[in-house]
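Have a look at the structure below before the remarks.
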Amino acid sequence: MDLHGLLQAAPQLHSDFSGAVTSWQLSNEVLQFIDGAIDEQSITLETGEGVSTILFAIKKSRHTCVSPNQGAIDNIVQFCAQHGIATDRLSFEVKPSEEALPFLANNPLDLVLIDGGHGFPTPFVDWRYTATRLQKGGLLVLDDTQLWTVRTLRDFLASEPEWRLEQDFARSSVFRKVAEYRPREWIQQPYVAELSRSLRVAADKSERRRQTAARVRRGLAMAQRGEFVTLARLLLRRSASR
């Protein structure tokens, strides 16, 4: 079976929130990208599971799938068995990624797919534990960039010198690692530094508005008490200090 046959088979691997059988998968375009990027010499890892896992098996890459979803994993293994797809090069870590990734072997990776948990901070954790393992020249695929957590990670990486944006899809992005990544402080991270500057500017504006409102309230209170001379002096003093 190849990717075309896999897409035609349309395996139903998951259950939605109502319990109905469905399949949450990467877009066909992203699956096609991965299909062309790896072969049996590749060492790959994904957080999450699905049709992509079957594609990694078809391509015979040495693949690690990190997912706590035992039911979907069982469906993947069953589908592969029914269609003659070998799974001897698949390795499943049936745990949440934050529990599994820190303890995996530190072998270099050619492609990482982050498509597991999407709640904060899971995509960041997944990236942090795989960023240094990904080889220079390796590919990082982020799925569901329409979600805030993944979009923030995408925008952060787009500003980092070690990562080059290869391609944006409708709801996925692919980066190539172009240099060894080393964690550094926020001031050295352009995306974080620029957002922090914007937050400071917004905070300063908010403080100025607060101070202006407080002065207006004090002035109105003085006027109500008939303290017009004192109020006039304060206004003149403030005007002279500008």
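Cβ-to-Cβ counts within 10 Å put 93, 166 in ascending order as 166, 93, the fewest first. To the nearest 10 degrees, how steep is helix 28-37 against the longest Cα principal axis of the chain, on a 0 to 90 scale? Tilt relative to the chain: about 70 degrees. Here the Karplus curve 6.51 cos²θ - 1.76 cosθ + 1.60, taken at θ = phi - 60°, turns the phi angles of the stretch 155-163 into couplings of 5, 5, 5, 5, 9, 8, x, 7, 10 Hz, with x standing for Gly and Pro. Working value for the stretch 45-125: equivalent-ellipsoid semi-axes of 21, 14, 10 Å, each the square root of 5 times a Cα gyration tensor eigenvalue, largest first. For the chain, the convex hull drawn through the C-alpha positions has a volume of 182 cubic angstrom per residue.
Calculate log10 I(q)/I(0) of the stretch 74-197 for q = 0.09, 0.15 Å⁻¹, where I(q) comes from the Debye formula with a single equal point scatterer on each Cα and nothing for solvent. These q points yield log10 I(q)/I(0) values of -0.29, -0.77. Here the Karplus curve 6.51 cos²θ - 1.76 cosθ + 1.60, taken at θ = phi - 60°, turns the phi angles of the stretch 144-153 into couplings of 6, 6, 6, 8, 4, 4, 6, 5, 4, 4 Hz, with x standing for Gly and Pro. The angle between the Cα long axis of helix 228-241 and the longest principal axis of the Cα atoms of the chain comes to about 60 degrees, rounded to the nearest 10.
Expressed as a whole percent, the proportion of Cα-Cα pairs in the stretch 133-182 lying more than 13 Å apart is 52%. Counting only residues at least eight positions apart within a chain, or on another chain, the aspartates and glutamates with an alpha carbon under 13 Å from that of residue 136 are 110, 162, 180. Label-to-label distance for residue 179 and residue 210 is 4.0 nm, based on points extended 7 Å past Cα in the beta-carbon direction.
Neighbours of residue 65 by Cβ distance under 13 Å: Lys/Arg scored +1, Asp/Glu scored -1, total -3. Only DSSP H runs of four or more residues enter the estimate; each adds -39500 (n - 2.57), and after division by the residues of the chain the mean residue ellipticity at 222 nm equals -14500 deg cm²/dmol.
Bear in mind these aren't lab numbers, they're just calculated from the coordinates by the rules spelled out. All of these numbers come straight from a predicted model, not from anything done at the bench. A quick note on method: Cβ atoms are made from the backbone with ideal geometry, for glycine too, and the neighbour counts reach across all protein chains shown.
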